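The values are calculated or read from the model by the stated rules, or taken from the named source; none is laboratory data. Quick caveat: nothing in here was measured; it's all calculated off a predicted structure. Heads up, the Cβs are rebuilt from the backbone with ideal geometry, glycines too, and the neighbour counts pull from every protein chain shown.
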Amino acid sequence: MRFTNLGVPPLWTDEALFASWIKEIPRQEFITVLLGKLLPDSEFFLRLPVAVCGSLTVLFFYWITGGGWKSFYGSAFIAVFPIFVFWSRVARPYAFAGLFIVLGWRWWWFYIIAILTTPISLIGLNLFRLKEKRCRFFYSFLVLLAFSVYYFRPDVKAVGDFVNFNFLFNEKRMWYVPLLTLLLYCCSAVSDKYFVRNSTEDIRRT
């Protein structure tokens, strides 16, 4: 679903803008721009890293959230839900950042890559870990990094603040990270024992 005809559609406006950034000194979406400089110049290779990250997210989500039925349901949802599939097929940073948000759920330093890709990754911080004193220090650093990256972006200086309700609600691309984060919370909080217990009770009733 993420790789079929990946190089066929022509670049749309934001993808063409991203392609132009690859030819310049990166000033936003640093990680994806730097990676794009290493790949051949074509629609397929422009989108390939995003498709790979979107696919790997399905696998790593299952592993990071502990495996079992809860993780299987979450991974299956990511695999087929239209927002996750669509934004894993275009040269935008959300699926790329999503992979490193999932990895950052266990290893906080992966959040650095996610935030350098897009500051909206800050939404994906695992707040369960705030009870760890060391994570409070690291998360403070990540918050400062996210705000620095955001205000350094040329598009923020050119068109103003992107943080407004209409933009965040109507632009479906902005749903990618919040939906992924919600799934991480749900699948990390629900115990496998719940599924085992209820499955056993259903069998007994039958």
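Each row is one residue, and each column tells you yes or no for (1) surrounded by 24 or more Cβ atoms within 10 Å (Cβ to Cβ); (2) at pLDDT below 95; (3) under 14 Å from the mean Cα position of the chain (by Cα).
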| residue | (1), (2), (3) |
| --- | --- |
| PHE84 | yes, no, yes |
| SER88 | yes, no, yes |
| PHE96 | yes, no, yes |
| ILE101 | yes, no, yes |
| ARG106 | no, yes, no |
| ILE112 | no, no, yes |
| ASN126 | no, yes, yes |
| LYS133 | no, yes, no |
| PHE138 | no, yes, no |
- Message: Could you go through the stretch 69-81 and let me know if any residue there is of a type outside the set (Phe, Trp, Tyr), closer than 13 Å to LEU179 by Cβ and either without any contact (Cβ under 8 Å) to a residue 40 or more places away in the chain or surrounded by 17 or more Cβ atoms within 10 Å (Cβ to Cβ) (or both).
- Response: yes
- Task: Assess whether ILE113 counts as being part of a helix (DSSP H, G or I), in contact with a helix residue (DSSP H, G or I) (Cβ under 6 Å, 6 or more places away or on another chain) and touching a residue at least 60 places away in the same chain (Cβ under 8 Å).
- Result: yes
- Query: Right, VAL52: under 27 Å from PRO9 (Cα atoms) and surrounded by fewer than 19 Cβ atoms within 10 Å (Cβ to Cβ) or not?
  - Reply: yes
